[in-house]
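Some notes on the structure that comes next.
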Amino acid sequence: MIVKTSTFLIKRLLPRLCNFLRPPASSICSWPFGLWPNGQEQISRGRQAQKVTKLGLVLRRLNVCQLTPFLLLPLSLLSNENHLFYDLCLVESINKKINDQLPFVYNYSLLGGYFNMPSARMQRAGTFMVGGGTVPPYNIYGINIQPFDHLELSGNYRVFKSLLDPVFGSEGFGNYANRIGNVKFGLLPEDGLPNFWIAAGADDFIGSGNQFDSQYVVATRQWLPLCLETSLGCSKGRIKGLFGGLIWSPFYRTSLFFLKNLSFVAEYDAINYKRHLPEHPDGRSVSSRINTGLVYQSHETLQLAVSSIRGEKVGASAMLHYPLGTSEGLLKKKDDPAIYTNPVDLEPLGVYRPEREFAQELAYNFDAQGLDLFEVYLFVNCCGKQELWLKIVNNRYREERDLRARLQHLLAALAPENIEYITVVIEADALISHSYQFRTEDLRRYHCGIIGDYEMTILSPQKEVTSLPPQESCSILFHKNKRIWTFTVRPQFNTYFGSAKGKFKYAVGMLASIEGYIFNEIYYNIQPAYSIYSTISDMSISDRINPSKIINVRTDSILYYQKNRILLEQAYLQKNWNMRHGFFSRIAAGYFEVAYGGVSSEFLYYPVGSAWAFGIDGACLLKRRYEGFQFTTHVRRCLGNDEVQYVDFVGAQGFLSVYYSSKPLDIDFKLSGGQFLARDRGVRGEASHTFKNGTRLGLWYTMTNAHDKVNGSTYFDKGFVLSVPLDLFLVQSSRTYVTYAMSAWLRDIGAKACTGKELYLSLREERVSP
């Protein structure tokens, strides 16, 4: 519409205006700033261009010649059907058609679908959702995570209304409840059929009893001109036979923003209510298998739904979803310094630019960029050329690309002309990670815009730090001691599900971190914690139904939080070494976590640019007493019938580990084998996916020879961990993460104690950008 209107104005109105104010034939229009390099050629292009040029003469006659290029540029572009604005509008229109989708609906199980039935649609990767609802005779709470475009995960906590738990119902647990895990896979590629999806999924594929399991295949089609979505699927299990669903969004194409995302939803409910044995007794009768209702989306964040259930009851839900994995943050990074641009000083080192003043200038500007410059060396290489060697500590930026960009801009503007190379060494946690070597010639071209960031990554890639500057021809221009301490505070949230005293117990507090360096080489970390509010005081550490028969190295951890409001969770020292050529090592000693302390060591082979890494680590540990700072050499063992025995214990754990990073998928794998804390032996596999903004979602699974029994079956430890960058909620960049982890059961099998900061994590955080 904008393009057509503008063309109409040029063709119809401008000629009349120009004829009314036609200048003399001898008038000459000068085009400032070189808008038309060849004026005569441009004028001869056609009638429309002539009329635009005449408008320029009119404006000159009205003494606004300096505004001519700015006023005529959009008009001159609009005067040709192949102009830039037309192309941009065309691209925007095509993108809008490609991305045009009807409102996305979550069902009561927190999967893409309708009310009880699933659809084949999925959200974009990185979307997280939390919500709950009442679906008589159940209350359902849960989360949804979209790790990839073709993989959807959800977890439910299903509570049976008015049905006490047969074992713990009268003790505080209340109504019977189930934990349920759901998964759905997209079967068509991203460039498949437009507005058509096929998916396969499994409800309750993992959980506390697999009582609500279903396996299904479903196809979904959108009819955009009709604002309609339909699905048809087939399933076995709790959902049995054919099922289908329909969404109609009649106001989607209108300008009524408050009704735009209102949808009418209907489904054919194929749940086998009458013959599915685990079903709630009050939920077996069915008057109608057609569930109908309304779903409303607000600001692409809040979903509200209400519907009929089985033709007898009314269900409702509320859910919040947010692109946590792709969001750039809730707040703009307004406190981050702008990338360095000026002043530019390329004066060679010498009389007019003394070496030490230059080093002080570098240190000042690095500090202004949020980076710490600790050492500057000047030396002459084997070719007789001068080189600079800098050591940088990055305490602010999470992504390697941000660090590199600031380095390149700063050095390009301040590198002296008589310097041939500049080597920048990056250090983190007192561990030298890698280096960059910049040619001054490349920095000049980068500053002038001849080459860009991509070319610089090719010309100056990450390298191993193989040697220090030669001592015989080296002079120290600058040296600064590392910070003795830095202080940060973040929230702490511990949760416990399934206690006999209640379905959900929690403790909310604050965790402070004091970290720094001793003698510039030894890293330390002290983490005191304070509990603000807790509901765990009445919890028992023993599982009466499934007591752990191996030594209690982890199941008694709740006692530390019950007996102490103020805790010293960590207080340890760590020394790291870069042994050159991709080899690293460390030793650490102190309180590693709330329950254990001791000594540990680790060796790692992780070359720069390699997708593989190999490590070996071990630790000798003692258990901390439940109160105070002392250690004990005894741990609990449950004998059954509430009998407890204390046995001698000195913890020893050790592992061989293999790491692999798949860059196309942004997935990191780790496989460790060895002895765990409870003296059981086996393997532990971990996989974590890093989203574009640094948010990480990880899963783990452990298999050992401990033979721990839960509900009659051998249990293997498993769970997930979610790490969210703290700076998503701040106005400046930060390297701190807020981490939440949860295992399926709190057991002693496959338990590992923290032993300091792992080498692989320190190096990966420095070298890799999401």
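The values are calculated or read from the model by the stated rules, or taken from the named source; none is laboratory data. Please read all numbers here as calculations on a predicted model, not as lab measurements. Cβ atoms come from the backbone with ideal geometry, glycine included; neighbour counts cover every protein chain shown. We work out accessible area using only protein heavy atoms, side chains counted, and drop any ligands, DNA or RNA first. Shrake-Rupley method; radii C 1.70, N 1.55, O 1.52, S 1.80 Å.
Lysine pair count for segment 476-612 (Cα-Cα distance under 26 Å; residues 8 or more apart in sequence or on different chains): 9.
Using alpha carbons only, how many angstrom separate the centre of segment 130-191 from the centre of segment 632-647? Spelled out, the Cα-based centre of one part sits 35 Å from the other.
Between the amide H of L324 and those of F128, distances stay under 5 Å, these residues lying 5 or more places away or on another chain, with hydrogens modeled in the peptide plane. Here K752 is the anchor, and the lysines within straight C-alpha reach of less than 16 Å, apart from those fewer than 8 places off in the same chain, are K623, K670, K718. Amide H to amide H distances under 5 Å link N175 with D165, where only residues 5 or more positions off or on other chains count and H is placed in the peptide plane. Can you give the FRET efficiency to the nearest 0.05 for I545 and N139, using r as the Cβ-Cβ distance and R₀ = 25 Å? That pair, I545 with N139, gives E of 0.60. Ranked by the mean number of other Cβ atoms within 10 Å of their residues, highest first, the peptides 725-733, 244-252, 341-349 fall in the order 244-252, 725-733, 341-349. Amide H contacts of S733 (H built 1.01 Å from N, in plane; Pro and chain starts excluded): D336 sit under 5 Å, all sequence-distant by 5 or more or on other chains. Remark: segment 110-119, residue by residue, has Karplus-estimated 3J(HN,Hα) of 6, 10, x, x, 10, 10, 9, 8, x, 10 Hz, where x stands for each Gly or Pro and the curve is 6.51 cos²θ - 1.76 cosθ + 1.60 at θ = phi - 60°. Any idea how many Lys pairs in segment 179-317 come in under 27 angstrom at the alpha carbon, given 8 or more places apart or on separate chains? Taking segment 179-317 as the scope, the lysine pair count is 8. Cβ-Cβ distance of K97 and F251, R₀ of 22 Å, FRET efficiency by 1/(1 + (r/R0)^6): the value works out to about 0.65. Between segment 547-572 and segment 415-441, how many Å separate their Cα centres? Between the Cα centre of segment 547-572 and that of segment 415-441, the gap is 45 Å. If I take every Cα pair under 8 Å that is 6 or more residues apart in segment 544-654, average their sequence separation and divide by the length, what percent do I get for the relative contact order? It comes to 23 percent, rounded to a whole number. For the set S170, S610, solvent exposure ranked by accessible area (probe 1.4 Å, protein chains only) runs largest to smallest as S170, S610. Once the Cα-Cα distance is subtracted from the 0.36 nm per residue extended length, the R124 to T535 segment shows a gain of 144.3 nm. Of the options (i) 32.8, 111; (ii) 25.1, 76; (iii) 35.9, 122, only one is Rg and Dmax of the Cα atoms in Å as computed from these coordinates, and that is (i). Accessible surface of T326, taken over heavy atoms with a 1.4 Å probe and every protein chain present, rounds to 60 Å².
The peptide list 398-405, 225-232, put in order of mean Cβ contacts within 10 Å with the highest first, becomes 398-405, 225-232.
Counting only protein heavy atoms and a 1.4 Å probe, the chain has 49 square angstrom of accessible area per residue. Placing pseudo-labels 7 Å out from each Cα toward the beta carbon at F519 and V286 gives an inter-label distance of 7.5 nm. In terms of packing, defined here as the mean over residues of other Cβ atoms within 10 angstrom, the peptides 418-425, 376-383 line up highest first as 418-425, 376-383. Here the relative contact order of the chain, from alpha carbon pairs under 8 Å that lie six or more residues apart, stands at 8 percent. For segment 89-119, backbone nitrogen atoms closer than 20 Å to the point 7 Å from D149 Cα along Cα-to-C-beta are found at 91-105, 112-113, 119. Rounded to 0.05, the FRET efficiency of the L294 and R401 pair, given R0 = 45 Å and the Cβ-Cβ distance, is 0.50.
Along segment 742-749 the Karplus relation, 6.51 cos²θ - 1.76 cosθ + 1.60 evaluated at θ = phi - 60°, assigns HN-Hα couplings of 8, 9, 4, 9, 8, 10, 9, 5 Hz to successive residues, with x for each Gly and Pro. Spin-label model, L573 to I451: label points 7 Å out along the Cα-to-beta-carbon direction sit 4.5 nm apart. Multiplying the residue separation of F85 and N481 by 0.36 nm and removing their Cα-Cα distance gives an extension gain of 137.0 nm.
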